[in-house]
Each structure stands twice: as structure tokens, then as C-alpha cells.
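The values are calculated or read from the model by the stated rules, or taken from the named source; none is laboratory data. Remember, it's a predicted structure, so these values are computed and weren't measured experimentally. Virtual Cβ from ideal backbone geometry, glycine too; neighbours counted across all protein chains shown.
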Amino acid sequence: MQSATIQAIDRCHQSSEPRTFGVVTNRSSRSHPPTAPGSSAAGVALVVAAALVTQTGAAIAYQIFDRVGAQGAVFLRLLISSVLLWIVFRPSVRAITTKKLPVILGFGLSLGAMNMCIYQAIARLPLGVAVTIELLGPLVLSVVLSRKLSGLLWAGLALVGVLLLSGVGPSTDGLDPVGVAFALAAACMWALYILMSRQAGREFPGTQGLALAMVVGALLAAPFGVASGGVELLDPWVLLIGALIAVMSSAVPYALELASLRLLAAETFAILVSLAPAIAALVGWVMLGQALDVLEIAGIGLVILASAAAVRSAQRS
């Protein structure tokens, strides 16, 4: 779940007018600088910890792909996450009017499709590569929203990075094209998810929009997940792993990110989030044995640099 991340990146394009986006309520879009000497270091540590937990959750999900498939794993994640959100935030179904229904459907479909696509990509690509390609979604959106010519430079830099990830290194014969297609689809869905998160934040108070959208996402994934996982989805061990994935991919990182946003400026937070591909590559190497060659590491580095530069450029605009 990238909602706290979306809020910070979105602030880099907005004025100081108070707004709510998706899951954060009654917070001004003004950045809040650290108030204590050690708060910056603590904020950085929280962002890094959130990324580590998120990518570790993805690596754990990979472990049950052989039993329920990628779609079965993502269905369990969305289903359990929706139940947790519903219990904690108790969204009002009566708040869904005819006018607001398309917003919730669009928000939920983009959320569900984003997760389904990235899990299919993770099943076929190294974790760090999949997350790097997915980052192109918010990167391109950031470039478009900034409306600056320098954004073309950052987009070009990211393109070079992706080309280096294309598998021309000595340790690989090339990336799985289907996996790349799924990762690119996830990037597109992440960009759409950001836009729908904005609209949902305007239409629904607090976390109501996100909780309702998560249900829609789970319903979208249900037929694919059931077809992929079958009766294995009812296995107690698989359910336990699914619950762990849901908590590690949603609840824990979200709480850590919100805590870090109270200590860091939004621009700093968004730049730190750009390190996600590097952290994913590290987790993939340690937990899944997915070693990358020099060119692939360089490609990830270029995409991270382009993403951080695009965020900084958007803030200055």
C-alpha cells in the first residue's frame, strides 16, 4: 500500500492549501520540518524500515507462489488487508452515492490491478528489477505534473536505466518479457492509483475511501486467486503466511511511513522512498538468492537517481 508515499509525493506538486489524500486526514500539505536534533535520523530510519518490511513481505509472498500462484498470494493479501481495514476504520457503505461510486470503483480497480500485476512480475523477475520498473509509474507522473523541461532529462535517465536492466549483462540472457510487461502494467496502475487516491481523498473522509477500495480490489482479485490457488488457499499455513504478507505489506509499513512524515519534510520523504528498488534488490539477494550483475545494479541506480531528481525538481517548481 503506497498511500502515505502518495501523500508525500503529491505534496511536492501542491500549494499549502490543506487537503486529504486517501488515508491521511486533517494534515496540512505544508512540510513539517524536524523539531528535535535526532528527529531527521529517526525519520530516515523509519522510512528505510518501512521499505525493508514491505519488500520482505513481497519476498515472503514469493515463497508460496509454488502453492497458490502469484494471484493466489495477492488475493490473500488484499482479502486479509480489506478485512483488517474494515475492522479498524469501519467505513460507511451509506457514504457511497451514485456520484461517488465511480471513484471507489476506479480507486479499487487500480489498487487491485496494481498488486496483481506486480506480483506476476515478481514471479518472473528479480525483486529489485520488478520494483525498479514499477517505480517508473510515479516517476513519469511526477515529471508530467512538474511541467518542467528538466523532467525530460530525468525521464531519459530512467529510460537508460531500464535499458541497462534489459538483460544485456553477462549473468543473464535477458529479462522475461512477460514479467517486464506485468511490471510496466503495475507502473501504469500505480500512476492511476495516485490520481484516484487524490479523488477519493476529496470524496471520502479519512481512510474511508481506502478501506472501501481495498474491498473492490479483493473482489477483483478473487476469481483469479481462487482459480490459481484452489483449495490450497484454505490451508492453515498458507492463511497464516497470507496474514503475515498483509500485515507486512500494508499495516506495518504504513504506520512507519506516517510516523516518518511527522519528522521529515515531504520532499525528503519522497526522495527516500525512491530508494525502494535498491532495498528490494538487497532483500531479493539475501532472501531469494537473486544476485544482479553490474549493469543491472547500474540500471537500478539510474532509475533511483532519476526518481529522486524528479521529486526535487517538482518541489522547486
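When residues of region 46-100 are filtered for being at positive phi and part of a helix (DSSP H, G or I), how many remain?
Number of matching residues: 1.
Do we find a residue being within 23 Å of Ile271 (Cα to Cα), crowded, with 24+ Cβ neighbours inside 10 Å, in contact (Cβ under 8 Å) with a residue 40 or more places away in the chain and in contact with a Ser or Thr (Cβ under 6 Å, 6 or more places away or on another chain) anywhere in region 136-158?
Within region 136-158 (the criterion being within 23 Å of Ile271 (Cα to Cα), crowded, with 24+ Cβ neighbours inside 10 Å, in contact (Cβ under 8 Å) with a residue 40 or more places away in the chain and in contact with a Ser or Thr (Cβ under 6 Å, 6 or more places away or on another chain)), the answer is yes, since at least one residue qualifies.
Between a residue in region 98-120 that is at pLDDT 95 or above and of a type in the set (D, E, K, R) and any residue that is buried (at least 24 other Cβ atoms within 10 Å of the Cβ) and in a helix (DSSP H, G or I), which pairs come within a Cβ distance under 8 Å, given they are 6 or more apart or on different chains?
Hits for this filter: zero, empty list.
For region 260-317, give me every one of the helices (runs of 4 or more DSSP H) that falls completely inside it and has 2 or more residues that are modelled with pLDDT of 85 or more.
276-288, 294-316
Would you pick out the residues in region 255-312 that are within 30 Å of Leu152 (Cα to Cα) and without any contact (Cβ under 8 Å) to a residue 24 or more places away in the chain?
Scanning region 255-312 gives a single hit, Ile297.
Quickly run through region 106-129 and pick out the residues that are of a type in the set (A, V, I, L, M) and more than 17 Å from Phe75 (Cα to Cα).
Leu125, Leu127, Val129
The rows are residues; the columns are (1) within 17 Å of Ala70 (Cβ to Cβ); (2) modelled with pLDDT under 95; (3) touching a helix residue (DSSP H, G or I) at 6+ places or on another chain (Cβ under 9 Å).
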| position | (1), (2), (3) |
| --- | --- |
| Gly169 | no, yes, yes |
| Val178 | yes, yes, yes |
| Phe182 | yes, no, yes |
| Tyr193 | no, yes, yes |
| Phe204 | no, yes, yes |
| Val216 | no, yes, yes |
| Ala222 | yes, no, yes |
| Leu234 | no, yes, no |
| Val238 | yes, yes, yes |
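From the residues in region 284-303 that are surrounded by 24 or more Cβ atoms within 10 Å (Cβ to Cβ) and in contact with a helix residue (DSSP H, G or I) (Cβ under 6 Å, 6 or more places away or on another chain), which one is nearest to Tyr254 (Cα to Cα)?
The qualifying residue nearest to Tyr254 (Cα to Cα) is Gly284.
Output the qualifying pairs, or none if there are none: Cβ atoms under 9 angstrom, residues six or more apart or on different chains, first residue in region 68-88 and surrounded by fewer than 24 Cβ atoms within 10 Å (Cβ to Cβ), second residue not in a helix (DSSP H, G or I).
What qualifies is Val88/Thr207.
From the list Ser249, Ser228, which one is polar (S, T, N, Q) and under 17 Å from the mean Cα position of the chain (by Cα)?
From the options Ser249, Ser228, the qualifying one is Ser249.
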